[in-house]
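The values are calculated or read from the model by the stated rules, or taken from the named source; none is laboratory data. For clarity, every value in this text was computed on a predicted model and none was experimentally measured. Here the Cβ is made from the backbone with ideal geometry for all residues, glycine too, and neighbour counts use every protein chain on show. These accessible areas exclude ligands, DNA and RNA; they are computed on the full protein's heavy atoms, side chains included. Shrake-Rupley method; radii C 1.70, N 1.55, O 1.52, S 1.80 Å.
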Amino acid sequence: MYAILDIETTGGKFDEEGITEIAIYKFDGDQIVDQFISLVNPEKDIQPFVVNLTGINNGMLKNAPKFHEVAKRIVDITADCVLVAHNANFDNRILTTEFRRLGFDFERETLCTVELSQKLIPEQDSYKLGKLCSALGIPVSSRHRADGDAIATVQLFKLLLNKDFEKEIIKKAIKTDNSRKLAPKLLTILDELPAKAGLFYVHNVERTILYIGKGRNIKKTVNQLFLRTSKKAKTLQAAVVSVTFEVTGSELIAQLKHIEELKINNPKFNFKQKPNFTRIEFSNTNLLLIDRGRNVGEKSVLLIENNKFKGFCYTDLAHQITNIEILRNLISPMEDSIHNRCTIKKYLQRNNVERIIRF
């Protein structure tokens, strides 16, 4: 679980800033499940350059709640979550400083979308939130306001999750409590899983991925895994501490990601298979395969360019599909392997996608 946030402050000397606005979106890896957005009275004046930047002035905050009045809500919504922010060190420092003034130790693990973007979306001209979102076609409303920047960070974080084939992000969010007995532990795990198409990852107490699975219904497929009675299955069941997931919406993307992530993560309990495929050619040298996304209004996109499979992405904006430069930035790259090409070809022979664009 992730708490994706943005904070606006008064500006001023290091560790003397006060919070003027905060927005937190609780995100389960699939969708937003809770949110908290509020102006905050910092009980000190805002620096003039900050007023010009954010549009928040002292008069707007006169009747806003003070930090101690919203502190419990912040603790509750971020409990058992990893804090995610664009420049997370800043937001986490501001929060811990405010809580320290109240005599409370606020400790959360953090993920920084600046650092993740530099690793997973290399060679961008800028990693400032506004310029990065512009390059990726992510709309930002109310720039330099907590709500606008936080919801843009949610969209950016979704993209980074898709590009993270090594699963470093989800490993950090795993709870490592292994004290519960097997049966109630598995029931709790199942309760947290969605009944949607995608992949799931079985982890042990060291956060190592032991098994990667895929299915049309993640919850049902995991339940079937836990019902197996073979020696190998029972060994896996005894070792499981957490099951994380990634909703893909598209079964084709689930199949392709499964192939890719097995190679990268080499899970102990997955069977090793040597595919026997022959080289195939696509019907057109440049194709966009448009199909359902992870939720209503979103589309999945597979890019084939110069007769080579480039990868996939998600979009809920038409201009992202029609602008090939933006699309290339959004794409999570995949190998143009015989296995991947045959997987796409076989899927198209057996299933219809919503739309095929030839360009």
_Residues (exposed (fewer than 14 other Cβ atoms within 10 Å of the Cβ) and assigned to a loop (DSSP other than H, G, I, E, B)) located in segment 32-43_ = Glu43
*Please list, ordered by first then second residue, the pairs with beta carbon atoms under 6 Å, 6 or more apart or interchain, first in segment 341-355 and under 17 Å from Asn284 (Cα atoms), second modelled with pLDDT under 90.*
Arg341/Ile280; Cys342/Phe277; Cys342/Ile280; Lys345/Ile280
*Evaluate the following for Gly311: is it open to solvent by 30 Å² or more (accessible area, probe 1.4 Å) and on the phi > 0 side of the Ramachandran plot?*
no
*If you check Asp291 against the conditions, is it under 28 Å from Gln124 (Cα atoms), open to solvent by 20 Å² or more (accessible area, probe 1.4 Å), touching a residue at least 24 places away in the same chain (Cβ under 8 Å) and outside any helix (DSSP H, G or I)?*
no
*Test Phe226 against the criterion of being at pLDDT below 90, open to solvent by 20 Å² or more (accessible area, probe 1.4 Å) and not acidic (Asp, Glu), and give yes or no.*
yes
*Taking the residues in segment 47-85 that are open to solvent by less than 30 Å² (accessible area, probe 1.4 Å) and within 19 Å of the chain's Cα centre (by Cα) as candidates, determine which candidate is nearest to Val140 (Cα to Cα).*
Ala85
*Among all residue pairs at least 6 apart or on different chains, which show Cβ distances below 9 Å where the first residue, located in segment 13-31, is surrounded by fewer than 16 Cβ atoms within 10 Å (Cβ to Cβ) and the second is assigned to a strand (DSSP E or B)?*
Gln31/Val247
*asked:* Among the residues in segment 294-305, are any more than 30 Å from Gln31 (Cα to Cα), open to solvent by less than 70 Å² (accessible area, probe 1.4 Å), assigned to a strand (DSSP E or B) and not hydrophobic (A, V, I, L, M, F, W, C)?
replied: yes
*Residues in segment 96-113: is at least one at pLDDT 90 or above, under 15 Å from the mean Cα position of the chain (by Cα), crowded, with 19+ Cβ neighbours inside 10 Å and under 21 Å from Phe27 (Cα atoms)?*
yes
*Would you call Val247 open to solvent by less than 50 Å² (accessible area, probe 1.4 Å) and modelled with pLDDT of 90 or more?*
yes
_Hey, Asn306 at positive phi and among the polar types (S, T, N, Q) or not_ = yes
*Count, please, the residues in segment 114-136 that happen to be surrounded by fewer than 19 Cβ atoms within 10 Å (Cβ to Cβ) and either touching a residue at least 24 places away in the same chain (Cβ under 8 Å) or in a helix (DSSP H, G or I) (or both).*
9
_Restricting to segment 251-288, name every residue that is open to solvent by less than 90 Å² (accessible area, probe 1.4 Å) and over 29 Å from the mean Cα position of the chain (by Cα)._
Pro275, Phe277, Ile280, Phe282, Asn284, Thr285
*Any residue at all in segment 182-190 that is closer than 23 Å to Phe157 by Cβ and either open to solvent by 20 Å² or more (accessible area, probe 1.4 Å) or in contact with a Gly (Cβ under 8 Å, 6 or more places away or on another chain) (or both)?*
no
_For the structure I just gave you, tell me whether Arg216 is touching a residue at least 40 places away in the same chain (Cβ under 8 Å), open to solvent by 70 Å² or more (accessible area, probe 1.4 Å) and not hydroxyl-bearing (Ser, Thr, Tyr)._
no
_Filter pass, Val243 being within 17 Å of the chain's Cα centre (by Cα) and of a type in the set (A, V, I, L, M)_ = yes
_Residues being farther than 22 Å from Val33 by Cα and part of a helix (DSSP H, G or I) - total across segment 56-113_ = 17
